[in-house]
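One structure is given below, encoded as structure tokens.
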Amino acid sequence: SEEDPLRRCVACGASSPGGIVFRFLTGRDAPVSVLATSLYQLLPPAEDEESAQLPGQGRKLLIFADSRQDAAFFAPYLERTYKRILRRRLILKALSEDEEGKAGRLRLQDLNRRVLREAERAGLFTSDQSLDERRQVVDVWLMQEFTALDYRMSLEGLGLLHFRPVPPLNWRPPAPLMAPPWNLDREQVWNLLLTLLNSVRQQGAVTFPPNVDPRDDAFAPRNVPLYFRDYADVRQRVLGWSPHRGSNRRLDFLARLLVRRGSLPREQAEAIAGPVLEGLWRHFTDPSSPWRDYLAPEQMPRVGGVYRLDYRYWEWVPAVEAALPIYRCDRCFAISYVNLDGICPAHGCDGMLQPVPERAATEETNHYRALYQALLPIPLSAEEHTAQWKPDEAGRVQERFIRGQVNVLSCSTTFELGVDVGELQAVLMRNVPPTTANYVQRAGRAGRRTDAVAFVLTFAQRRSHDLTHFGRPQRLVAGHIQPPVVSVCNEKIVRRHIHSTFMAAFFRWAREQQGRLFHNAGEFFAPDDDKPSGAALLAQYARLRPRTLQEALERIVPSEMQD
């Protein structure tokens, strides 16, 4: 629009200036996953008591794809993304419905019990998982959020959750920051320190609860312990508070702040900010500093002393319930909860932070933000059903789906014909099927009961076949179904019939006239005795041009193909 000349993605908030269109080469799974999640949430639960105890309370969704590879990949993708959304929904629910949580007084160690209670209510655990195992799972969830890699899609990145360290007792702002050229007051100094510490947390250099291993696959691709010290040692996975050369997130932020405050050239601002950044490192790590417990010291072989931020000193504050001010960069659209002279904390961004009005924040139409706030906490279990399964395993997957133990099935054309999958409410097609017959077969999987109504959702991909039917859907939905046809005048098929008829006649002749039987290829091509090979006999039989064989071929081959 004229008021907002930016093209913005409703899912992640990324944008491009008006007049410039960026085409991102992403997989087809993301939009279909969004549709599948929304459709699954809208399905009503089963009415019987037995189904109410199953995953999803009896909800079932069948997903079709013409590509076996697409069908196989989509099942784990959907389950992984849905569980991430559900995990964030439970964390936010536990925070926003707790009085201490609303006040912003809860930390990770306080949240475990509250999130565990919500997860148990939602039926996310199996009966064989012990209490300690469940607590460990919840701690993994919390640490995934505390160090989220997908910042723009996280609770923090969507303006729903703010992480802040508890102010140390007897904390005083460093005097140089309150003097020229900085001239910061006490609150501004605190916001500066919070921004710098947050940059380390977002890089993953934090401690983990004793029952959580940072090398767990749940934290991939950054599933290694990370540390930081004054200068980096990348080979040992040690981040640098200050850069060896060039710049980093912390120096970049200080330099941009100094340019804004003192109207200094960038090079001069960096020259002033560098020693200040080093001084702040000493401020944090001095043994007499009130911050000494916030940075957990460790000793690494060949490296020496390193640090990690201690997760126990960070509060988790629900932004909406705590009525926190929220700011958004007018260039990169990153969310921030701290506004220091409008400087965007994103590395290298020269945008300005703008306050997000409270009404605009609550009416945000971002898909993931809406799910984190309103998703029904119901589990989802997805599996694939494709031709790559052996018959026994395919049967077991089908049986689990019929029973409701698996409630989302991503399948190829294996489920198109002759498979009874029980009662279904909805079918999702990842692409427009090739023909009306295929569409009818797939759509007919749902709503087979006379008192049920089926919902069929078809996603049209960006290809000519799909877009053609997207423009005129009636051609597919109510189109003509061609009866099955086999052309008997196909030259390749005719030749194969001739060859098979000829070979059958030869084997009869070899047995009756020559007393020869060929049990395998070896006996045919290389017999043990001095008798002629099967190939030699075959050539001899062909030269005979038997009349009975000629008559048989004349009966079999269509007259227009006999020449």
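The values are calculated or read from the model by the stated rules, or taken from the named source; none is laboratory data. Owing to the predicted nature of the structure, the values given are computational and were not obtained by experimental measurement. Every residue, glycine among them, receives a Cβ derived from its backbone with ideal geometry; neighbour counts consider all protein chains shown. Keep in mind that these areas ignore ligands, DNA and RNA; they rest on the heavy atoms of the full protein, side chains included. Shrake-Rupley method; radii C 1.70, N 1.55, O 1.52, S 1.80 Å.
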- [ ] Show the residue pairs that are 6+ apart or on different chains and have beta-carbon atoms under 7 Å apart, the first residue being within the range 27-46 and open to solvent by 40 Å² or more (accessible area, probe 1.4 Å), the second being aliphatic (A, V, I, L, M) and not in a loop (DSSP other than H, G, I, E, B).
- [x] LEU35/LEU428; LEU35/LEU457; PRO45/ALA52
- [ ] Select, from GLY123, GLY56, GLY157, GLY104, the only residue that is of a type outside the set (Lys, Arg), under 23 Å from ARG403 (Cβ atoms) and in contact with a strand residue (DSSP E or B) (Cβ under 9 Å, 6 or more places away or on another chain).
- [x] GLY56
Task: When residues of the range 185-203 are limited to those that are more than 16 Å from LEU353 (Cβ to Cβ), open to solvent by less than 10 Å² (accessible area, probe 1.4 Å) and in contact (Cβ under 8 Å) with a residue 24 or more places away in the chain, the one nearest to the chain's Cα centre (by Cα) - done: ARG201
Task: Check on ASP213, charged (D, E, K, R) and open to solvent by less than 50 Å² (accessible area, probe 1.4 Å) - done: no
Task: Residue under evaluation ALA232, criteria (1) in contact (Cβ under 8 Å) with a residue 24 or more places away in the chain; (2) open to solvent by less than 70 Å² (accessible area, probe 1.4 Å), criterion not met - done: (1)
TODO: Out of the residues in the range 301-332 that are of a type in the set (Asp, Glu) and not in a strand (DSSP E or B), state the one that is nearest to ARG235 (Cα to Cα).
DONE: ASP310
- [ ] Scan the range 532-544 and give yes if some residue there is outside any helix (DSSP H, G or I), of a type outside the set (Ser, Thr, Tyr) and over 30 Å from VAL488 (Cβ atoms), otherwise no.
- [x] yes
Task: Within the range 19-135, helices (runs of 4 or more DSSP H) holding 3 or more residues that are within 21 Å of the chain's Cα centre (by Cα) and within 30 Å of GLY444 (Cα to Cα) - done: 29-42, 68-96
Open item on the list: Looking at GLY395 and the list (1) small (Gly, Ala, Ser); (2) without any contact (Cβ under 8 Å) to a residue 60 or more places away in the chain; (3) crowded, with 19+ Cβ neighbours inside 10 Å, which single condition is not satisfied?
Closed with: (3)
Task: Residues satisfying the stated conditions in the range 545-563, i.e. assigned to a helix (DSSP H, G or I) and either under 60 Å from the mean Cα position of the chain (by Cα) or not small (Gly, Ala, Ser) (or both) - done: ARG547, THR548, LEU549, GLN550, GLU551, LEU553, GLU554, ARG555, ILE556, SER559, GLU560, MET561
Task: Residues of the range 139-181 satisfying the condition of being over 30 Å from THR365 (Cβ atoms) and of a type in the set (Gly, Ala, Ser) - done: ALA175, ALA179
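The rows are residues; the columns are (1) in contact with a helix residue (DSSP H, G or I) (Cβ under 7 Å, 6 or more places away or on another chain); (2) modelled with pLDDT under 95; (3) among the basic types (Lys, Arg).
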position: ALA220; (1), (2), (3): no, yes, no
position: GLN236; (1), (2), (3): no, yes, no
position: GLY246; (1), (2), (3): no, yes, no
position: LEU264; (1), (2), (3): yes, yes, no
position: GLU278; (1), (2), (3): no, no, no
position: TRP281; (1), (2), (3): no, no, no
position: LEU295; (1), (2), (3): yes, no, no
position: ASP310; (1), (2), (3): no, no, no
position: GLU315; (1), (2), (3): no, no, no
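Condition check ((1) among the hydrophobic types (A, V, I, L, M, F, W, C); (2) open to solvent by 20 Å² or more (accessible area, probe 1.4 Å)) across all residues:
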| position | (1), (2) |
| --- | --- |
| SER242 | no, no |
| SER247 | no, yes |
| ALA255 | yes, no |
| GLY262 | no, yes |
| ARG266 | no, yes |
| GLU270 | no, yes |
| HIS283 | no, yes |
| TRP291 | yes, no |
| GLU298 | no, yes |
Open item on the list: All but one of (1) more than 30 Å from ALA273 (Cβ to Cβ); (2) without any contact (Cβ under 8 Å) to a residue 40 or more places away in the chain; (3) charged (D, E, K, R) hold for ASP216; state the number of the condition that does not hold.
Closed with: (2)
- [ ] Would you please name the residue that is farthest from ALA443 (Cα to Cα), looking only at residues in the range 474-488 that are open to solvent by 50 Å² or more (accessible area, probe 1.4 Å) and hydrophobic (A, V, I, L, M, F, W, C)?
- [x] VAL488
Open item on the list: When you check PRO168 against the structure, is it in contact (Cβ under 8 Å) with a residue 60 or more places away in the chain and either under 30 Å from LEU257 (Cα atoms) or buried (at least 17 other Cβ atoms within 10 Å of the Cβ) (or both), yes or no?
Closed with: yes
Task: the range 450-485, residues that are over 30 Å from ARG59 (Cβ atoms), in a loop (DSSP other than H, G, I, E, B), modelled with pLDDT under 90 and not β-branched (Val, Ile, Thr) - done: GLY479, HIS480, GLN482, PRO483, PRO484
Open item on the list: Pairs please, first residue from the range 142-153 and at pLDDT below 95, second anywhere and open to solvent by 20 Å² or more (accessible area, probe 1.4 Å) and in a helix (DSSP H, G or I), Cβ atoms under 7 Å, 6+ apart in sequence or on different chains.
Closed with: TYR151/GLN202; MET153/TYR368
Open item on the list: Take the conditions more than 26 Å from PHE125 (Cα to Cα), modelled with pLDDT of 90 or more and among the hydrophobic types (A, V, I, L, M, F, W, C) and apply them to ALA71. Does it pass?
Closed with: yes
TODO: Those residues that are in contact with a Pro (Cβ under 8 Å, 6 or more places away or on another chain) and under 21 Å from GLY204 (Cα atoms), I need them from the range 310-331; list them, please.
DONE: TYR311, TYR313, TRP314, GLU315
